[in-house]
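The values are calculated or read from the model by the stated rules, or taken from the named source; none is laboratory data. Every value quoted in this text rests on a predicted model; they were computed, and no experiment measured them. A quick note on method: Cβ atoms are made from the backbone with ideal geometry, for glycine too, and the neighbour counts reach across all protein chains shown.
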Amino acid sequence: MQTIRGAITIAANIKEHIRENTLMMLSEMLKSNDLCVNDVESIIFTATKDIDQAYPAKYAREIGFTNATLMCMQEMHVEGSLTLCIRALMFLRKPLDSPVNHVYLKGATALRPDLIKAKDQPVVVAIDGPAGVGKSTIAKRISQKLGFLYIDTGAIYRGITYGFVQNHIDLNDSQAVESYLNQISLHYTQKNLYLDNQIIDEEIRSETISKLTSDYSKNPFVRKFATQYQQDLAKSHSVVMEGRDIGTVVFPNAQFKFFLVADPDIRGQRRYEQLRNKGVEISLDEIINDIHLRDQNDSQRQLAPLKKAEDAIEIDTSYKTIEEIVSLIEKTIQGED
Ligand code: DC
């Protein structure tokens, strides 16, 4: 008898998550194999030991598996294996004409990274977190190791802000903002950021643009434009994308999500050293104040605030080396953790 495998991870052991994700996994198993519920003879569900608030089988009835035989079982716990994971083994009434598509979603993608490559579908690794947490260095290294594109979404927001400043667009004039965004010529490449065919890599890193960007990125037209731009960049390429809202808004279904945090004083110290090395005269207190202000601005805004996605893995980078964090993320993606 032919079988299809499915697996998905959930953010928490609560009924609604079990329901929503079970339905998502089953629908995807049917859809990607061009099947309907009547083609299925039976399904065996298993769940890791940390899931006990509801039976996944109960929800399968909701999408019409009324005739199929269903059963749920608890998995054995193996040290270091995935947590909060629901799996399904679907038995078909008759064999498929085409090769089987097994379905691994969310954190469960890590179980079969080979399937991602085999299907050649773009993969998104989302790395979110506040300023100065090490996102850029880490995201760049991960992208090099995986051979994915590196997308710095902060640079995109900075580029838009720089464009507004250069063209004297008043942020309070919605019409001017919208019409400027309709004709903006912004081009993100792996080497440089271009605005109107000019490289603006250095200009967007000034302290003035850093401060202004935090304000400009609250604007709904700016967010809509940047979100669409970022989604388009990942249409045909696998990416490691770093920002504030990648795992929550830009790619809520990203296969891998990480949320980096670190003590604000340590972030300030790192930034201080970076600027001092560049010869910039600025006090540590000033930098730490600025970090607090930006954190507040970015996490308290109404639209797409800086926030950990429920299913993101949080990593505190305060006392870890870049190498340790990169290796942790790499192992998670390759399913060794
Ligand atoms: O990562 P960065 O410091 O270069 O980002 C500059 C600003 O852009 C940051 O203060 C908030 C905004 N930003 C955002 O709102 N959403 C993103 N995905 C990335 C950056």
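All told, residue 57 meets the bar of being farther than 15 Å from residue 82 by Cβ, out of contact with any Ser or Thr (no Cβ under 6 Å at 6 or more places or on another chain) and surrounded by 18 or more Cβ atoms within 10 Å (Cβ to Cβ).
One residue stands out among those in the stretch 161-180 that are assigned to a helix (DSSP H, G or I) and surrounded by fewer than 20 Cβ atoms within 10 Å (Cβ to Cβ): the one that is nearest to the ligand (Cβ to nearest atom), which is 165.
Taking the numbered list (1) within 10 Å of the ligand (Cβ to nearest atom); (2) among the charged types (D, E, K, R); (3) not in a helix (DSSP H, G or I) in turn, residue 211 passes all entries but (3).
Against the criterion of being in contact with a Leu (Cβ under 8 Å, 6 or more places away or on another chain) and not acidic (Asp, Glu), residue 287 qualifies. Here are 205, 141, 158: which of them is more than 13 Å from the ligand (Cβ to nearest atom) and either more than 26 Å from the chain's Cα centre (by Cα) or at negative phi (or both)? Of 205, 141, 158, the one residue that is more than 13 Å from the ligand (Cβ to nearest atom) and either more than 26 Å from the chain's Cα centre (by Cα) or at negative phi (or both) is 141. Does at least one position in the stretch 233-244 carry a residue that is in a helix (DSSP H, G or I), of a type outside the set (Phe, Trp, Tyr) and at pLDDT 95 or above? No: zero hits. Scanning the stretch 234-246 for residues that are crowded, with 19+ Cβ neighbours inside 10 Å and more than 10 Å from the ligand (Cβ to nearest atom) turns up 234, 238, 239, 240. Within the stretch 249-265, being within 16 Å of the ligand (Cβ to nearest atom) and either aliphatic (A, V, I, L, M) or not in a helix (DSSP H, G or I) (or both) holds for 249, 250, 251, 252, 254, 257, 258, 259, 260, 261, 262.
Evaluating residue 179 against the criteria (1) farther than 23 Å from residue 82 by Cβ; (2) in contact with a helix residue (DSSP H, G or I) (Cβ under 9 Å, 6 or more places away or on another chain); (3) modelled with pLDDT of 95 or more leaves one unmet condition, (2).
Restricting attention to the stretch 188-227, report how many residues are modelled with pLDDT of 95 or more, loosely packed, with under 12 Cβ neighbours inside 10 Å and farther than 30 Å from residue 281 by Cβ. The total comes to 0.
Residues in the stretch 300-323 that are of a type in the set (A, V, I, L, M), assigned to a loop (DSSP other than H, G, I, E, B) and surrounded by fewer than 17 Cβ atoms within 10 Å (Cβ to Cβ): 1 in all.
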